[in-house]
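The values are calculated or read from the model by the stated rules, or taken from the named source; none is laboratory data. Source: prediction; values computed, not measured. Here the Cβ positions follow ideal geometry from the backbone for every residue, glycine too, while neighbour counts run over all protein chains shown.
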Amino acid sequence: MSNVQVNMVLRPYDQFCPLILGNVPTPGIDLTVDFRGSIGNEFADGVDVGEVSFNRYVMGYANGDRRLVGIPAFVLRGFRHRNYIVRRDSSLTSLSDLRGKRIGCNSWSDSGTLWARQALRDAGVDIGDVRWVIGHLDETTKLKPRTPQDVPPPPGTEFLPDDGNLMAEMMADRIDAITTAFMPDMVFTPDGAARRLVVDFRSAETEFHKRTGIYPAFHVMAFRREFAERHPAAVVAVYEALRASWRQWWTKAKNFGETSPWATAEVETMLADFADDTPPFGHTSPATRRMLAVMCQEQVAQGLVQSSADPDQLFRDFEAMLSAPS
């Protein structure tokens, strides 16, 4: 039997470079990885599997959209306490300080934005306790176009005109803070005009993780349903290839740790504090189950869906393929 052609879109994250470079065997499939293509929950023609927004995937699932078959390969994860920024001279230093303030955002339905609002709510500041402003981040990072899965922000949200942007508003002291996925360069400059709201974000995120056990997921991999149902073995083969790529990267990270001065210490942190999330595959560990449950709850609490998805059903189709006789 000939191999199945699989066309994938995936960003070139370090842990998946072995796969992108062709160093991972992929028995039964001929895998082509496009690491330059646009990612999103609406696939371009010819794409069989891609990196998708997990928040939008779960929102779609809650609303009965079954066009995609998700697999529990959490290719992008992180915390969001670090992603609030303020002016360098701002007196604000914590998420709880944002009550009653004007917060800018250049997306509403992104996974990272959901987790940023969850962190805010965890600090005691609810969605309605702040005034939201939506617009372009700056002159180069534009407001993300709406997708079919997106929902509007809450009533009373202000939208900047197309020739305005959030950074300019914050520099003019008309916005108190901004939450965004990608930090402007000035945040990384010691004397830059903007800084992180939570300066010691590592301590804040460590406390959050120890208290809640949650390591937020942003992106997962998902297949077109028609492809997955026609080639279930290929779905499993891709999942195993992603896992094998991660293992190659993990061995390299443990042996060399050359990417930063303390990369080896980060490996040990993952083993000690994130054992349930290492490697980032599967959905049955207690930590992952907790994260999925909270994500589904937050979607309702934040007004993204009317009824919560069942976290135990999000990967049901994949589980059936995984357990099917080969």
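For the stretch 276-326, the set of residues classified as of a type in the set (Ser, Thr, Tyr), over 25 Å from Gln15 (Cβ atoms) and not in a loop (DSSP other than H, G, I, E, B) consists of Ser323 only.
Here's the yes/no breakdown for (1) surrounded by fewer than 20 Cβ atoms within 10 Å (Cβ to Cβ); (2) small (Gly, Ala, Ser):
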{"position": "Pro216", "(1), (2)": "no, no"}
{"position": "Ser245", "(1), (2)": "no, yes"}
{"position": "Lys252", "(1), (2)": "yes, no"}
{"position": "Glu258", "(1), (2)": "yes, no"}
{"position": "Glu266", "(1), (2)": "yes, no"}
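Here are Ala172, Ala237, Ala177: which of them is of a type in the set (Gly, Ala, Ser) and exposed (fewer than 13 other Cβ atoms within 10 Å of the Cβ)?
Criteria check complete, one pass: Ala172.
With respect to being farther than 30 Å from Ile175 by Cβ, of a type in the set (A, V, I, L, M, F, W, C) and touching a Phe, Trp or Tyr at 6+ places or on another chain (Cβ under 9 Å), Phe35 fits the description. Taking into account only those residues within the stretch 5-25 that are among the hydrophobic types (A, V, I, L, M, F, W, C) and surrounded by 18 or more Cβ atoms within 10 Å (Cβ to Cβ), which is farthest from Met221 (Cα to Cα)? Among those that are among the hydrophobic types (A, V, I, L, M, F, W, C) and surrounded by 18 or more Cβ atoms within 10 Å (Cβ to Cβ), it is Val24. Val300 falls short of the stated requirement of being touching a residue at least 60 places away in the same chain (Cβ under 8 Å), in the same structural domain as Glu42 (by TED's automatic domain parsing) and either out of contact with any helix residue (DSSP H, G or I) (no Cβ under 8 Å at 6 or more places or on another chain) or β-branched (Val, Ile, Thr) (or both). Residues that are more than 24 Å from Gln118 (Cβ to Cβ) and hydroxyl-bearing (Ser, Thr, Tyr) were ranked within the stretch 296-326; the one that is farthest from the chain's Cα centre (by Cα) is Ser326.
Being more than 30 Å from Asn3 (Cα to Cα), small (Gly, Ala, Ser), modelled with pLDDT of 95 or more and assigned to a loop (DSSP other than H, G, I, E, B), is that true of even one residue in the stretch 215-235? No. Every condition in (1) assigned by TED's automatic domain parsing to the domain that holds Val49; (2) under 25 Å from Thr140 (Cβ atoms) is met by Gly192 except one, and the failing one is (1). Has the stretch 253-260 got any residue that is among the acidic types (Asp, Glu) and under 19 Å from the mean Cα position of the chain (by Cα)? No, the stretch 253-260 has no match at all.
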